[in-house]
Amino acid sequence: MQYVMPIGIGILYVSLMCLIREPHRRRFNAIMIAGAGAAYLSGGGLGGWEFAFTALLTYVAYRGLDSWTFIGIGWLLHTAWDVVHHLKGSPLIPFAHDSSLGCAICDPVIALWCLRGGPSLRELLRGKRPTTRENEAVPGQAVPDRAVPGRTKGNGRLATTPRRPGAASAGPSGQNT
């Protein structure tokens, strides 16, 4: 039961996270991995290394705001930190001696889901990789603003519309080309 329960907790976590819609699911998980990075700060037993690890996971969580891969990497880093604490440091939960071991078993379950792109439960059960949705921020790509036709969110500039083939356009000097 000591090894099965953490896997069940990981599956429960993934199932509950699937209830949150994208892109909020990814951002929420980035916040969760940032919190996991600070889990041992109040007495993990590794001194200044606790702060260094927290700083590392904070950076990974920041990058995770736009990347499921970084969130997955964060959970794998936390798995390694759990193993170190199980062997050398203090347990995650002071009154549960093997709590760090349980966390080290649970975290890879979550990491695998994140490395698959944090799919919804439907996508997960169908074995599909998540698709980029219209409302998901993709670096370098404007997101259409449905409230104002011809505008994009973020930059406030009018979106360009495709030209008709053969139509003249004004060049940089204002002359038709």
Provide the gained length on full extension for the span Leu12 to Phe95, in nm with one decimal, where the gain is 0.36 nm per separating residue minus the Cα-Cα distance. 27.6 nm
Under a 5 Å amide H to amide H cut-off, with H placed in plane at 1.01 Å, what residues pair with Ile93 once short-range neighbours are removed? Ser99, Ser100
Please name whichever of Ser90, Phe51, Gly72 sits farthest to the positive end of the charge dipole of region 1-135, dipole taken about the Cα centre and charges placed at Cβ: Lys and Arg +1, Asp and Glu -1. Gly72
Assuming R0 = 22 Å, what is the FRET efficiency of Leu112 and Leu87, from their Cβ-Cβ distance, to the nearest 0.05? 0.40
Leaving out ligands and nucleic acids, note down the accessible area per residue over region 1-132 with a 1.4 angstrom probe, in whole Å². 56
Classify region 5-92 as rounded, prolate or oblate from the Cα gyration tensor: take a ≥ b ≥ c as the square roots of its eigenvalues, call it rounded if a/c is under 1.5, otherwise prolate when a/b beats b/c and oblate if not. oblate
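The values are calculated or read from the model by the stated rules, or taken from the named source; none is laboratory data. Predicted, not measured: the structure shown is a model, and the values here were computed from it. All Cβ positions, glycine included, derive from the backbone under ideal geometry; neighbour counts span all protein chains shown. Accessible surface is based on the protein model in full, side chains and every heavy atom, while ligands, DNA and RNA are left aside. Shrake-Rupley method; radii C 1.70, N 1.55, O 1.52, S 1.80 Å.
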